[in-house]
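Asks: Can you keep this structure in mind? I'll have questions shortly.
The values are calculated or read from the model by the stated rules, or taken from the named source; none is laboratory data. It should be emphasised that the depicted structure is a prediction, and the values quoted were computed from it without experimental measurement. Every residue, glycine as well, gets a Cβ built from its backbone with ideal geometry; the counts of neighbours run over all protein chains shown.
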Amino acid sequence: MTVLVLCLLGGFQARLPSSRPLTIRSKRAQALLACLAVAPGNILTRDKVAGILWSYSDDGHARNSLRQSLTMLRHDLVAVEPFPIIAEGDRLVLDRAAVDVDVWSFERLAASNDFEQLRKGADLYRGDFLDGIHLSDPAFEEWSAAERDRLRRLASDVFERLAARQIGGDAITAAQRLLALDTLREASHRVAMQAYAAQGEVDLALRQYKTCREILRRELGVEPDAETQDLYRRVRDTRSAQIDTKHSAPFVSIASRELLTDPAQKPAVALLPFVNMSTDPHLASFGDGLAEDIITELSRFHSLFIIARSSSFQYRDRAIDVNLMGQALKAQYILEGSVRTIGRSIRITVQLIDAATGNHLWAERYDRDIQDMAQVQDKLTAAIVAGVAAQIRAAATEQARRKRTESLAAYELLHLGLEYLNRAGSDDIVPARLLFQQAIEIDPNYAQAHAHLADTFGESHWIDVYRAGSAEAGLDRALESAVKAVALDDSDAVCHCVLGANYLCAKSFDLARLELDRAIELNPNDPDLLVQRGALENFTGQPQAALDLFDRAERLNLRPPNWYRHHRGLALYGLGQYAEASAAFERMIVRPTYVVRYLAASYAQSGRPAEARATAAAALNMEPGFNLRRYAVVEPYRSGADLDHMMAGMRNAGLPA
């Protein structure tokens with residue numbers, strides 16, 4: 001006997017016990033097997049099956065379609081002996097002796113009270129029932145949604161019991177998986193609050209309450225119930241007790257945790273008052289207001305240390321050597337500028353200077369109509385701030401490159417790691433991870449180092465996703481590191497952004513939106529955050545909104561890193577602009593395997609079949625284990641139609657089913 005193995009949690013996969021995959025060509029044939037697998041006693045009448053899979057057809061056509069599906073299954077399952085579907089008159093029976101279904105194992109393990117059995121059940125729940133499998137039949141969609149909800153409730157019970165019986169990071173991981181199943185389930189938020197509080201992460205527990213409250217208000221128009229509010233008060237009181245207890249270990253609030261990272265490690269920037277080069281006294285006030293706005297917005301970048309206005313503005317109208325000024329202010333960089341009128345225009349000039357050498361690292365000029373200044377000041381501030389932050393990052397990376405590795409500070413290690421990460425190549429992930437880990441060894445409380453470490457685990461998830469057993473672990477580690485980053489500094493936009501990006505990978509779309517919106521609220525001038533927010537729009541069916549965000553980001557960052565282009569390409573593909581999508585992917589200097597697949601799909605959809613086939617072959621050479629069945633399970637599209645759109649291009653390019 002050769003048993004058929006069916007994996008229905010997280011998608012659909014059929015294979016032999018040897019792990020050899022079996023291709024079942026028809027989605028309705030796949031659905032037929034799934035219907036029998038979860039039916040009571042694994043028995044259904046032919047009329048019942050026809051009513052689920054062909055509800056739009058009359059009885060004759062439906063029964064004929066069922067016969068055709070059974071014939072196709074006999075052909076596709078020729079390696080399975082005996083054929084696992086038994087016909088008993090008008091009934092179809094799935095032979096339990098000839099089939100092994102993950103849903104059966106999960107239901108058995110979930111019914112146990114044994115801890116190890118529950119943990120095995122949690123591992124087996126890789127995702128929603130038949131995730132990514134959609135038919136153009138409302139009866140099937142209604143049936144599959146009901147089964148999906150039933151199994152999701154069972155999974156919620158498993159994760160809730162595991163969270164209650166575990167401690168530390170394991171309890172938090174179980175709580176996160178519980179939340180990912182249904183962000184509207186208030187009890188799941190309470191489990192997460194309790195897991196965080198038990199680990200000593202009181203601020204993170206309080207933040208979970210706020211997340212719960214925001215979701216309930218936005219989606220349902222209600223407040224958290226009395227039980228949740230009572231838990232919030234108890235956790236809040238615990239935090240107050242920690243602060244008030246003189247003899248307890250020192251408690252550091254999230255708002256002040258940025259001080260745990262030595263400011264001396266960060267590049268310090270001093271902004272001088274803008275020089276008024278005209279005779280108009282109102283222009284001096286405008287220059288001071290612009291300078292103050294720039295100081296405020298630069299301070300949103302937690303990778304920088306901004307010298308206070310009261311210190312830097314004392315050098316107004318004083319001719320002092322920039323090197324001496326840098327020493328006096330303890331600033332590595334001086335930002336200076338001027339304002340003047342030219343006819344009916346106003347010209348703002350900005351220069352970034354290395355205080356140690358006096359070298360000009362960056363200069364930019366902005367000409368604006370003098371009548372529009374009140375309207376354009378915010379945009380002008382954003383453009384200047386983004387340019388300054390990008391140039392300082394580049395200068396810090398170049399400076400770190402010239403140092404011996406053993407003498408690098410945590411901040412410098414972080415920037416060397418980011419240089420690898422921004423290239424977005426498969427071979428760049430491990431070097432980046434090692435540098436972030438070294439930064440954490442020097443400063444365990446360096447929130448951004450933990451955040452970018454999570455980035456590397458997230459990238460590994462996509463690299464390893466077609467290698468059995470490794471991808472889920474990568475995503476779990478990414479979420480763990482990202483959660484820790486936010487716990488260390490809840491006011492750091494980068495940390496929220498990375499957590500949101502990893503929630504997107506986990507298909508927790510509501511949590512992803514909350515984190516990414518929070519990131520942009522904290523720092524609307526960081527173009528990287530806008531691109532990540534656009535990525536969420538891409539995968540939730542809003543490619544035009546994504547493209548608008550990418551345009552905003554590239555107005556702020558005139559030299560966009562490699563990884564921006566792949567998100568732009570996805571948005572253009574979603575809009576059906578296949579030639580433009582191909583061009584965006586082609587402009588990438590380094591292309592990870594998943595981008596090569598997107599490029600193959602774009603070529604196929606734009607009528608370039610030879611290039612599509614060659615590119616698909618190159619992608620398979622890079623990732624021999626790829627198949628569209630697995631892709632449908634892991635790719636985080638919210639809409640089945642959007643997923644089918646991308647898969648159609650890949651299928652036409654010749655990528656395997």
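Asks: Which of (1) at pLDDT 90 or above; (2) at positive phi does D102 not meet, given it meets every other one?
Replies: (2)
Asks: Something else now. So V103 fits all but one of (1) surrounded by 18 or more Cβ atoms within 10 Å (Cβ to Cβ); (2) not assigned by TED's automatic domain parsing to the domain that holds Q13; (3) not polar (S, T, N, Q); what number is the exception?
Replies: With (1) surrounded by 18 or more Cβ atoms within 10 Å (Cβ to Cβ); (2) not assigned by TED's automatic domain parsing to the domain that holds Q13; (3) not polar (S, T, N, Q) applied to V103, the lone miss is (2).
Asks: Hand me the list of helices (runs of 4 or more DSSP H) wholly inside the range 1-85 holding 2 or more residues that are in contact with a strand residue (DSSP E or B) (Cβ under 8 Å, 6 or more places away or on another chain), under 26 Å from N627 (Cα atoms) and outside the structural domain of D100 (by TED's automatic domain parsing).
Replies: Output list is empty.
Asks: Looking for whichever is out of contact with any Asp or Glu (no Cβ under 8 Å at 6 or more places or on another chain), more than 28 Å from N422 (Cβ to Cβ), hydroxyl-bearing (S, T, Y) and not in a helix (DSSP H, G or I) here; the options are S311, S338, S303. Which one fits?
Replies: Exactly one residue qualifies, and that residue is S338.
Asks: Now for a separate question. Just to be sure before I move on: is F626 crowded, with 24+ Cβ neighbours inside 10 Å and not assigned by TED's automatic domain parsing to the domain that holds A14 in the structure I sent?
Replies: In short, no.
Asks: Oh, and also: Report, by residue number, each residue of the range 431-456 that is assigned to a helix (DSSP H, G or I) and hydroxyl-bearing (S, T, Y).
Replies: Residue satisfying the conditions is T456 alone.
Asks: Also: With the checklist (1) within 30 Å of Y366 (Cα to Cα); (2) touching an Asp or Glu at 6+ places or on another chain (Cβ under 9 Å); (3) not charged (D, E, K, R) in hand, flag the one item L572 doesn't pass.
Replies: (1) is the only condition that L572 fails.
Asks: Hey, any hits in the range 600-621 for a residue that's in contact with a helix residue (DSSP H, G or I) (Cβ under 9 Å, 6 or more places away or on another chain), β-branched (V, I, T) and at pLDDT 95 or above?
Replies: Checked the range 600-621: at least one residue is in contact with a helix residue (DSSP H, G or I) (Cβ under 9 Å, 6 or more places away or on another chain), β-branched (V, I, T) and at pLDDT 95 or above.
Asks: Right, another one. Every residue in the range 616-627 that is in contact (Cβ under 8 Å) with a residue 24 or more places away in the chain and outside any helix (DSSP H, G or I), please.
Replies: Residues satisfying the conditions are E623, G625, F626, N627.
Asks: Give me the pairs, please: first residue somewhere in the range 637-657 and over 18 Å from C505 (Cα atoms), second residue anywhere and surrounded by fewer than 16 Cβ atoms within 10 Å (Cβ to Cβ) and basic (K, R), beta-carbon distance under 8 Å, and either six or more positions apart or on two chains.
Replies: Close Cβ pairs satisfying both conditions: A657/R25.
Asks: Right, here's the next one. Would you say Y573 is among the hydroxyl-bearing types (S, T, Y), closer than 28 Å to G640 by Cβ and modelled with pLDDT of 95 or more?
Replies: Here the answer is yes, as Y573 does meet what is asked.
Asks: Ok, one more. Quick one: in the range 321-341, of everything that is modelled with pLDDT under 85 and closer than 30 Å to R368 by Cα, which residue is surrounded by the most Cβ atoms within 10 Å (Cβ to Cβ)?
Replies: If we take residues in the range 321-341 being modelled with pLDDT under 85 and closer than 30 Å to R368 by Cα, then V322 is surrounded by the most Cβ atoms within 10 Å (Cβ to Cβ).
Asks: Which condition number does R630 fail, the rest of (1) over 20 Å from the mean Cα position of the chain (by Cα); (2) farther than 21 Å from Q542 by Cα; (3) in contact (Cβ under 8 Å) with a residue 12 or more places away in the chain being met?
Replies: (1)
Asks: Right, here's the next one. When you look at A139, is it of a type outside the set (S, T, Y) and either surrounded by fewer than 16 Cβ atoms within 10 Å (Cβ to Cβ) or under 24 Å from V634 (Cβ atoms) (or both), yes or no?
Replies: So A139 fits the description; yes.
Asks: If you scan the range 175-199, which residues turn out to be within 21 Å of L220 (Cα to Cα) and of a type in the set (A, V, I, L, M)?
Replies: L178, L179, A180, L181, L184, A187, V191, A192, M193
Asks: In addition: May I ask you to list the residues in the range 66-100 that are surrounded by 15 or more Cβ atoms within 10 Å (Cβ to Cβ) and among the small types (G, A, S)?
Replies: Across the range 66-100, the qualifying residues are S69, A98.
Yes/no matrix, rows are residues, columns are (1) under 23 Å from C7 (Cβ atoms); (2) touching a strand residue (DSSP E or B) at 6+ places or on another chain (Cβ under 7 Å); (3) at pLDDT below 85:
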site: Y125; (1), (2), (3): yes, yes, no
site: F129; (1), (2), (3): yes, yes, no
site: I167; (1), (2), (3): no, no, yes
site: R177; (1), (2), (3): yes, no, no
site: T183; (1), (2), (3): no, no, no
site: A192; (1), (2), (3): no, no, no
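Asks: Any idea which of (1) among the polar types (S, T, N, Q); (2) under 18 Å from A390 (Cα atoms); (3) modelled with pLDDT of 95 or more is the one N562 doesn't satisfy?
Replies: (3)
Asks: Let me ask something else. Please work out which one of (1) of a type in the set (S, T, Y); (2) within 30 Å of I442 (Cα to Cα); (3) at pLDDT 80 or above is the condition T261 fails and give its number.
Replies: Only one criterion in (1) of a type in the set (S, T, Y); (2) within 30 Å of I442 (Cα to Cα); (3) at pLDDT 80 or above is unmet by T261, namely (3).
Asks: Further question on the same structure: Criterion first (touching a helix residue (DSSP H, G or I) at 6+ places or on another chain (Cβ under 9 Å) and under 22 Å from R148 (Cα atoms)) does S65 satisfy it?
Replies: Judged against the criteria, S65 is not a match.
Asks: Further question: When I589 is evaluated against the numbered criteria (1) more than 21 Å from the chain's Cα centre (by Cα); (2) at pLDDT 90 or above, which criterion, by number, is the only one it fails?
Replies: Condition (2) is where I589 drops out.
Asks: Considering Q577, Q605, Q544, Q532, which residue is touching a residue at least 12 places away in the same chain (Cβ under 8 Å), assigned by TED's automatic domain parsing to the domain that holds L453 and surrounded by fewer than 21 Cβ atoms within 10 Å (Cβ to Cβ)?
Replies: So the residue among Q577, Q605, Q544, Q532 that is touching a residue at least 12 places away in the same chain (Cβ under 8 Å), assigned by TED's automatic domain parsing to the domain that holds L453 and surrounded by fewer than 21 Cβ atoms within 10 Å (Cβ to Cβ) is Q544.
Asks: Follow-up question, since we're still on this one. Which condition does E515 not pass, out of (1) more than 11 Å from the chain's Cα centre (by Cα); (2) crowded, with 23+ Cβ neighbours inside 10 Å; (3) acidic (D, E), if it passes all the others?
Replies: Single failed check for E515: (1).
Conditions tested, residue by residue: (1) at pLDDT 90 or above; (2) aliphatic (A, V, I, L, M); (3) in contact with an Asp or Glu (Cβ under 7 Å, 6 or more places away or on another chain).
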residue: L4; (1), (2), (3): yes, yes, no
residue: S19; (1), (2), (3): no, no, no
residue: I43; (1), (2), (3): yes, yes, no
residue: D58; (1), (2), (3): no, no, no
residue: E81; (1), (2), (3): no, no, no
residue: I86; (1), (2), (3): yes, yes, yes
residue: D90; (1), (2), (3): yes, no, no
residue: F106; (1), (2), (3): yes, no, no
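Asks: Can you say whether R613 is assigned to a helix (DSSP H, G or I) and either surrounded by fewer than 18 Cβ atoms within 10 Å (Cβ to Cβ) or over 24 Å from the mean Cα position of the chain (by Cα) (or both), as far as the supplied structure shows?
Replies: yes
Asks: Can you report the number of residues in the range 145-182 which are among the polar types (S, T, N, Q) and crowded, with 22+ Cβ neighbours inside 10 Å?
Replies: Summing the residues that are among the polar types (S, T, N, Q) and crowded, with 22+ Cβ neighbours inside 10 Å in the range 145-182 gives 1.
Asks: Could I ask something else about it? Being within 30 Å of H496 (Cβ to Cβ), of a type outside the set (S, T, Y) and loosely packed, with under 15 Cβ neighbours inside 10 Å is the filter here; which residues of the range 275-318 pass it?
Replies: Answer for the range 275-318, where residues must be within 30 Å of H496 (Cβ to Cβ), of a type outside the set (S, T, Y) and loosely packed, with under 15 Cβ neighbours inside 10 Å: G289, A308.
Asks: Still on this structure, please answer the following. Restricting to the range 378-417, what's the tally of residues that are modelled with pLDDT of 80 or more and more than 28 Å from G337 (Cβ to Cβ)?
Replies: 5
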